Amino acid sequence: MTDQSQTLSAPTADQPVKHQESAQYVTFLVGEKTFGIVIVMVREIKQWSPTTSLPNQKPYMRGVLNLRGTIVPVHDLRARFGGPLTSATENHVVVIAAIKDQTIGILVDAVSDIVTVLADDIRPVPSTGGNVGDNCISGLVSNGDELVALLDLESMFLKEELTDELVVN
Amino acid sequence: MDDDDEDFEALFFTECEELLSDLQEHLDVLYSGNGDQETLNAAFRAVHSVKGGAAAFGFDDLISFAHKFESVMDLARSDELELTPDVCQVLLRSGDVMESLIEKARERDTSPSETMNKVLAELAVLADPNAADESPAEEVVEEVSATEAPEPEVEEDDVPALRSVEVHFQPDAGFFRSGHDALKLISSAKAMGLCKTVVEGEIQPLPDFNLDDCTVSWRLHFETELDNAKIESFFLAYEAAATWDILSSDDAEEEPVEVAAAPAVVEEKPAPAAPPEVAKPDAKAEAPAKSASKPSEPAAASSKKPGISKSLRVELARVDRLVNLVGEIVITQAALAQKLSEAGPSVDLEVEHSVEAMSRQTRDLQESVMAIRAQPVKSVFSRMPRVVRDLADKLGKDVRLELSGEQTEVDTTVIEELAEPLTHMLRNSMDHGLEGPEERIEAGKSGTGIIKLAAEHRGERVIITISDDGRGINREVVLRKAIEKGLVAEDDNLTPDEIDQLIFHAGFSTAESVSSVSGRGVGMDVVKRKIQELGGRCWLKSEPGLGCKFTIALPLTLAVLEGMTIAVGDERYILPLSNVVEALRLDSVELHEMPDSSKVLTRRGEYLPVLSIRHALKVTGDPLKEDLAIIVDTESDGHVALLIDELIGQRQVVLKSLEANYHRVDGVSGATILGDGRVALILDIPNLITLNNTTSNQIAEALH
């Protein structure tokens, strides 16, 4: 993971923090695909360690892990979007994110970058019909030659009514 | 109202709860006829303290009621009123009214209460024989007040315009000792139009400072539309601890003089009066130096309660944080010990000793921290007499509730959850168990039914029993209802005991008529579920005609659990030790396959259903071994044998919630963290078995 943040599209002079116009995203890789989570929701990034599976867990659940005494469920992002379960190794990472008052972990292949995204550069997700991930992606943004899918964690994991405070229109 | 006031108010309500439970206790003792003068005094003090606090916050209903209540008790104190059981009943009911008034004050509900008026009338009757209504209380005080001021001259002024009133307020010697706070008085007087406060007299230099000797007095200047009587009533709360004098009304001339004499409008000056607050905890230490206090002064006595232990009020959240942290330390310590044992004999012996010592200390630490949260069950038991009295009235039954073992200590988490099931069970006993007075007398019992509520420690559990001397369970009716509802078949040949346990079945109610009390069919099954959720068990024993006894066994805490660690495949699980009956090697017992491919195990001539945890939880890894069986006791299905791969050991585990970040998982009651830092699930065995039954049924259905 690189320290410096690079600005996409039109560069801005001042560092934008939780601003309507722009937001910082942590991007990470799952296979060839790149996903982004708004940085304020990311608590920490952890090396993969074996989890404890739960009875009758959903196919994309990887069970729970111990995060300094708190039990945190871990979701496999690859499986969440219809892929096979990730065969996790020590090189895989778990992104720990806070959604409202819940803490969850997301298993991904690698964390790649922190980018600043301008609200105007976010494109809506074209309706492709029947895609599993449709309502979990709040928008698309291009970063050089790769396309970053911005995740809407709330509708993804909390299954509650969609609040638009996190969705940068 | 600012934050400080709100804090004080919260404190006041907490204190009220304690005072009322004290009051209840003392009144119960009086009612049982074992009380003496000291018990009565203690009850009086409790009411008086509530009144004092209420005055600071301006809860008028509460103040006036407490005042009447006090007056009647005072009659009894001066032997002008005999404490017959009937009188005690009224006092008990007054206690209930106080409680409801406090609740109303908390919710800022000012609606009038019918019960209050009824009880007020009863109190008035008690006070009446002396034809002096409420005055006796004042008289007593007045007699002992050394610096008694002349009767306040009341200048009635009906014009609702603002009037200037000046009050001279002189605290008596016992003012601070009895817990009054001049600062509080002044801040609440502001609501009445207090606009200026002048301190008279000198505050003693600190070395000479004597709490019992208040050398200052206050001139309180009001600009108010209230008449003197209202102001008078405001100060009434301090009648036992101070003298006051309404000096002047509408004396406009004096005002400028006052300003000139004491230009400082002494708002902050009462601060020196703060020592009472600080001094309160030190009261014991200072007591010997105390100058002679008037023996019969009621309020002054309240802080001199003998044998009161020093205590500290701490927010529960803080203790919880501590409990969690200690939980972490226990886990880390276990991890360290495990690493050490893995390292083998190469480890320095001294290191090993240190780790051992640390293990002992962490255990002690954990116990001590848990002890902070432990509370006597009294806090919930003391609410029950009220429930019983309310209900006894409604049902027209004569009931006496006998409490015992109130000092038994249980973790706060458990205490909070106890009130509901206990109330439910008491209602049940009163509604279904106890007969009406006539029926009881016919049956040769005393007209008054007795319900005993008791608590005791037994090992790592607390046992709570509720027994009544009523008619017991009518097995015929229960069985008939159960058959009607299709819960059992007619030819099931249940034992009497099995029939009794049917009342714990969901949707079962034997009430012939549905009453407002119980009988909506949400009775004992709810109780049982609640108790099970708390990790406890409940059962009952009934003797027809003689009564019925419910027993609840609860863990002492919900934060740690005595568990057995087992291994199935790659996974580790914790079985609550309370469920475990025994462990068996499978080569020593016989396993039979049933026609439907389910298995049973023979143990001492008994056939037990067998459940493979690997199968039930779909555990992967390691080839199937399953050569151990743990026999567990379940509420619903009796003894069941669980097949496991390995038994790792028994240890105390810290309960962690899965729900905090995830949601409830079937078959699992929670999780814990093992020595190696991994998460292990705590199995909810009854739930697991039900779950397994439904799955296998579904499979069976799918097959056919």
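Can you pull out the residues in segment B:308-329 that are within 14 Å of another protein chain (Cβ to nearest Cβ) and of a type outside the set (S, T, N, Q)? Lay out the reasoning, then the answer.
Here is the first cut: in segment B:308-329, the ones within 14 Å of another protein chain (Cβ to nearest Cβ) are B:320-329.
Answer for segment B:308-329, where residues must be within 14 Å of another protein chain (Cβ to nearest Cβ) and of a type outside the set (S, T, N, Q): B:D320, B:R321, B:L322, B:V323, B:L325, B:V326, B:G327, B:E328, B:I329.
Cβ contacts < 6 Å: first residue under 19 Å from A:T27 (Cβ atoms), restricted to segment A:117-131; second residue at pLDDT below 80 and β-branched (V, I, T), any location; separation 6+ or different chain. Result?
As it stands, the answer is A:A119/A:V168; A:I122/A:V168, since those pairs meet every condition given.
Name, by its number, the condition in (1) open to solvent by 10 Å² or more (accessible area, probe 1.4 Å); (2) touching a Gly at 6+ places or on another chain (Cβ under 9 Å); (3) touching a residue at least 12 places away in the same chain (Cβ under 8 Å) that does not hold for B:Y31.
Just one mismatch for B:Y31, condition (2).
If you check B:V369 against the conditions, is it touching a helix residue (DSSP H, G or I) at 6+ places or on another chain (Cβ under 6 Å), in contact (Cβ under 8 Å) with a residue 40 or more places away in the chain and more than 30 Å from B:L27 (Cα to Cα)?
Values: touching a helix residue (DSSP H, G or I) at 6+ places or on another chain (Cβ under 6 Å): yes; in contact (Cβ under 8 Å) with a residue 40 or more places away in the chain: yes; more than 30 Å from B:L27 (Cα to Cα): yes.
So B:V369 fits the description; yes.
Would you please name the residue that is modelled with the highest pLDDT, looking only at residues in segment B:507-522 that are under 14 Å from B:V478 (Cα atoms) and open to solvent by less than 60 Å² (accessible area, probe 1.4 Å)? Show your work before the answer.
Just the residues of segment B:507-522 that are under 14 Å from B:V478 (Cα atoms), to begin with: B:507-512, B:519, B:521.
Going one step further and asking which of them are open to solvent by less than 60 Å² (accessible area, probe 1.4 Å), we end up with B:507-511, B:519, B:521.
Values: B:G507: 62, B:F508: 67, B:S509: 58, B:T510: 50, B:A511: 49, B:G519: 43, B:G521: 45.
Here the residue is B:F508.
If you take the residues of segment B:680-692 that are in contact (Cβ under 8 Å) with a residue 24 or more places away in the chain and more than 10 Å from chain A (Cβ to nearest Cβ), which of them is most open to solvent (accessible area, probe 1.4 Å)? Spell out the reasoning first.
Step one: list which residues in segment B:680-692 are in contact (Cβ under 8 Å) with a residue 24 or more places away in the chain, which gives B:680-683, B:685-686, B:688-692.
Add one more test, that the residue is more than 10 Å from chain A (Cβ to nearest Cβ), and what stays is B:682, B:685-686, B:689-690, B:692.
On the way: B:I682: 1, B:I685: 1, B:P686: 35, B:I689: 11, B:T690: 75, B:N692: 33 Å².
Taking the candidates together, the pick is B:T690.
Kindly list the number of the only condition in (1) at pLDDT below 80; (2) open to solvent by 20 Å² or more (accessible area, probe 1.4 Å); (3) within 14 Å of chain A (Cβ to nearest Cβ) that fails for B:P595.
(3)
Restricting the search to segment B:436-451, which residues are buried (at least 20 other Cβ atoms within 10 Å of the Cβ) and part of a loop (DSSP other than H, G, I, E, B)?
Narrowing segment B:436-451 to residues buried (at least 20 other Cβ atoms within 10 Å of the Cβ): B:440, B:445, B:449, B:451.
Selection gives B:K445 alone.
Got at least one residue in segment A:81-103 being in a loop (DSSP other than H, G, I, E, B), more than 11 Å from the chain's Cα centre (by Cα), within 12 Å of chain B (Cβ to nearest Cβ) and under 30 Å from B:V560 (Cβ atoms)?
Yes, segment A:81-103 has at least one match.
For segment B:165-183, which positions are among the charged types (D, E, K, R) and surrounded by fewer than 22 Cβ atoms within 10 Å (Cβ to Cβ)?
Taking segment B:165-183 first, the residues among the charged types (D, E, K, R) are B:166, B:172, B:177, B:181.
Answer for segment B:165-183, where residues must be among the charged types (D, E, K, R) and surrounded by fewer than 22 Cβ atoms within 10 Å (Cβ to Cβ): B:E166, B:D181.
Of the residues that sit in segment A:29-54 and are part of a loop (DSSP other than H, G, I, E, B) and in contact with a strand residue (DSSP E or B) (Cβ under 7 Å, 6 or more places away or on another chain), which one is farthest from the other protein chains (Cβ to nearest Cβ)? Explain how you work it out, then say what you get.
Looking only at segment A:29-54, we keep the residues that are part of a loop (DSSP other than H, G, I, E, B), and these are A:31-32, A:48-51, A:53-54.
Among the residues that remain, those that are also in contact with a strand residue (DSSP E or B) (Cβ under 7 Å, 6 or more places away or on another chain) are: A:48-49, A:51, A:53-54.
Numbers: A:W48: 13, A:S49: 8, A:T51: 7, A:S53: 7, A:L54: 5 Å.
So, considering only residues that are part of a loop (DSSP other than H, G, I, E, B) and in contact with a strand residue (DSSP E or B) (Cβ under 7 Å, 6 or more places away or on another chain), the one farthest from the other protein chains (Cβ to nearest Cβ) is A:W48.
Can you tell me which residue among B:E25, B:E15, B:E82 is outside any helix (DSSP H, G or I) and open to solvent by 50 Å² or more (accessible area, probe 1.4 Å)?
One residue alone meets the criteria, B:E82.
Among the helices (runs of 4 or more DSSP H) confined wholly to segment B:329-405, which include 2 or more residues that are surrounded by fewer than 18 Cβ atoms within 10 Å (Cβ to Cβ)? Outline the logic, then answer.
Working: elements: B:349-373, B:378-381, B:384-395.
Counting at least 2 such residues, we get B:349-373, B:384-395.
Which condition number does B:R373 fail, the rest of (1) of a type in the set (D, E, K, R); (2) at pLDDT 85 or above; (3) under 17 Å from the mean Cα position of the chain (by Cα) being met?
It is condition (2) that B:R373 fails.
Of the conditions (1) under 30 Å from B:V560 (Cβ atoms); (2) open to solvent by less than 30 Å² (accessible area, probe 1.4 Å); (3) in a loop (DSSP other than H, G, I, E, B), B:L426 clears all except one; give me its number.
(3)
Take the conditions at pLDDT below 80, closer than 29 Å to B:G193 by Cβ and more than 23 Å from the chain's Cα centre (by Cα) and apply them to B:G33. Does it pass?
Working: at pLDDT below 80: yes; closer than 29 Å to B:G193 by Cβ: no; more than 23 Å from the chain's Cα centre (by Cα): yes.
No, not satisfied.
Within segment B:637-650, restricting attention to residues that are closer than 16 Å to B:G563 by Cα and touching an Asp or Glu at 6+ places or on another chain (Cβ under 8 Å), which residue is surrounded by the fewest Cβ atoms within 10 Å (Cβ to Cβ)? Reasoning before the result, please.
From segment B:637-650, those closer than 16 Å to B:G563 by Cα are B:642, B:644, B:646-650; that's our starting set.
Applying the additional criterion that residues be touching an Asp or Glu at 6+ places or on another chain (Cβ under 8 Å) yields B:644, B:650.
Working: B:I644: 24, B:Q650: 13.
Taking the candidates together, the pick is B:Q650.
Considering only residues that are in contact (Cβ under 8 Å) with a residue 24 or more places away in the chain and open to solvent by 60 Å² or more (accessible area, probe 1.4 Å), look in segment B:197-222 and name the one that is farthest from the chain's Cα centre (by Cα).
B:I203
Identify, please: which residue in segment B:657-679 is of a type in the set (D, E, K, R) and facing chain A (nearest Cβ under 9 Å) and is, among those, surrounded by the fewest Cβ atoms within 10 Å (Cβ to Cβ)?
If we filter segment B:657-679 for residues that are of a type in the set (D, E, K, R), which is where we start, we get B:659, B:664, B:666, B:676, B:678.
Retained after the next criterion (residues that are facing chain A (nearest Cβ under 9 Å)): B:666, B:678.
On the way: B:D666: 13, B:R678: 17.
So, considering only residues that are of a type in the set (D, E, K, R) and facing chain A (nearest Cβ under 9 Å), the one surrounded by the fewest Cβ atoms within 10 Å (Cβ to Cβ) is B:D666.
Any residue in segment A:55-78 that is away from chain B (no Cβ under 14 Å) and in contact (Cβ under 8 Å) with a residue 60 or more places away in the chain? Before you say what the answer is, go through the steps one by one.
From segment A:55-78, those away from chain B (no Cβ under 14 Å) are A:76-78; that's our starting set.
From what is left, the residues that are in contact (Cβ under 8 Å) with a residue 60 or more places away in the chain are none.
No, segment A:55-78 has no match at all.
Confirm whether B:S578 is surrounded by fewer than 17 Cβ atoms within 10 Å (Cβ to Cβ) and modelled with pLDDT under 80. First the steps, then the outcome.
Numbers: surrounded by fewer than 17 Cβ atoms within 10 Å (Cβ to Cβ): no; modelled with pLDDT under 80: yes.
In short, no.
Looking at segment A:103-117, is at least one residue open to solvent by 50 Å² or more (accessible area, probe 1.4 Å) and not aliphatic (A, V, I, L, M)? Show your work before the answer.
From segment A:103-117, those open to solvent by 50 Å² or more (accessible area, probe 1.4 Å) are none; that's our starting set.
Looking for residues that are open to solvent by 50 Å² or more (accessible area, probe 1.4 Å) and not aliphatic (A, V, I, L, M), one finds none in segment A:103-117, hence no.
The values are calculated or read from the model by the stated rules, or taken from the named source; none is laboratory data. Bear in mind that the values here come from a model prediction, so they are computed numbers and not experimental data. When we count neighbours, we look across all protein chains shown, and the Cβ atoms used for this are built from the backbone with ideal geometry, even at glycine. Protein only, heavy atoms only, side chains kept; ligands, DNA and RNA dropped before computing areas. Shrake-Rupley method; radii C 1.70, N 1.55, O 1.52, S 1.80 Å.
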